[in-house]
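Comments concern the structure below.
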Amino acid sequence: MIQLVLLAVMTLSVACLGQTTGVQKAIICLTYDDGLQSQLTTAIPQLDSAGLHGTFFLNSIEGSTEILGQGSPALFGWRKASQNGHELGNHTLFHPCLEKFGWQKEIALEGYSMDELLMEIRLANSYLEQIDRKKKQRSFAYPCNNTAIRGVDYSSKIRELNLVRFARGGGDQSSLVSDLKTINFMQVPSWHVMQGTPLSELIEFAEKVKKTNGLGIYQFHGIGGPLFEISSQTHRDFLKYLKENDEYYSVLTFSEAMELVEKQSR
């Protein structure tokens, strides 16, 4: 009987120690922009194989085919991804960016009014709801990581209008969050992973996040395919690294991570 009491006291003491020291895993988010074909064919199968979930910020995708009565493979692919636990986020419908980034004048952000941009974000929410039919509120990623229209920051506006709950911005390899209590949920920084980034640099960023028990968000595009491409092998090996070190990392979708941080900061 005495031994059982001592065991219970020791167990309680260890539990309390964990609560007081605030021991937790570093948070990693794997995010992917623009709804690219290589994400459906390569990134998602690799994530599924590793048992990890990512966040895919989608702008408009193909909704039909040239074959009468058949739906778009992209539509079914994204719906299946959502059913398998991946997050579908809002990236506007037409991805408006500034002309200086190479956008045609007819579709560039300079041609938008604030109301038109907000309407597009609202419509994108409805569009995504038709794909996964689960969520009413979305996370958001700013096209080209730009948070302003005609010099006016619109990040607070989309929160006030309840268009999105959390929003991801851009950044570089220094853009990790070490102090979760000071996070701006409408401009959460991420590392825009550039073309040809090697495995060593992906791991190095994760190691920095681990040292601070903070948050690190990867912003990927093409995986073994066009647009800021990293190789499919590099991506696969990085997922393997995260799985082999899961005692240090919690790999969460963007919204899951933000909800956790929000809860802990209350």
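Quick note: the coordinates plus some simple rules give every number you see, no bench work behind them. Fair warning: this is a prediction, and the values are worked out from it, not measured in the lab. So basically every Cβ, Gly included, is an ideal-geometry build from the backbone, and we count neighbours across all protein chains shown.
Summary of computed values
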item	result
Mean Kyte hydropathy of -1.0 or more with a Cα span along the axis of at least 20 Å, helices from DSSP in the chain	2-21, 114-132, 199-212
Theoretical ellipticity at 222 nm over the chain - DSSP helices of four or more residues, -39500 (n - 2.57) apiece, nearest 500	-12000 deg cm²/dmol
Of every Cα-Cα pair in region 105-180, the percent that sits beyond 20 Å	38 percent
Given charges at beta-carbon only (K, R positive; D, E negative), |dipole| of region 24-264 in Debye	580 debye
Dipole magnitude of region 139-266, debye to nearest 20 (Cβ charges: Lys/Arg +1, Asp/Glu -1, about Cα centre)	400 debye
At most 16 other Cβ within 10 Å, DSSP loop - chymotrypsin sites (Phe, Trp or Tyr not before Pro), region 74-125	F94
Rounded to whole Hz, the Karplus (6.51, -1.76, 1.60) HN-Hα couplings of region 142-157, x for glycine and proline	6, x, 6, 6, 9, 9, 10, 10, 6, x, 10, 5, 10, 5, 6, 5
Value in Å of the Kirkwood radius, where region 52-202 supplies the Cα pairs that are averaged	16.9 Å
Amide proton proximity set for L98, modelled H, under 5 Å, gap of 5+	L109
Whole-angstrom gap from region 170-191 to region 112-148, using each part's C-alpha centre	21 Å
Exposure proxy ranking, count of Cβ atoms within 10 Å, fewest first, for E244, E62, E106	E106, E244, E62
Cβ-based exposure ranking for K208, K181, in which fewest neighbours within 10 Å come first	K181, K208
Added length on full extension, which subtracts the Cα-Cα distance from 0.36 nm per residue, D246 to Q24	78.7 nm
Cα gyration tensor of the chain - equivalent ellipsoid semi-axes, whole Å, descending	35, 22, 19
Unsatisfied cross-links (Cα-Cα over 29 Å) in the set K25/K157; K135/K181; K100/K211; K208/K240	K25/K157; K100/K211
Debye intensity ratio in log₁₀ form over the Cα atoms of region 148-266, taken at each q of 0.12, 0.21 Å⁻¹	-0.49, -1.26
S265, S190, S200, S178 arranged by Cβ crowding within 10 Å, fewest neighbours leading	S200, S265, S178, S190
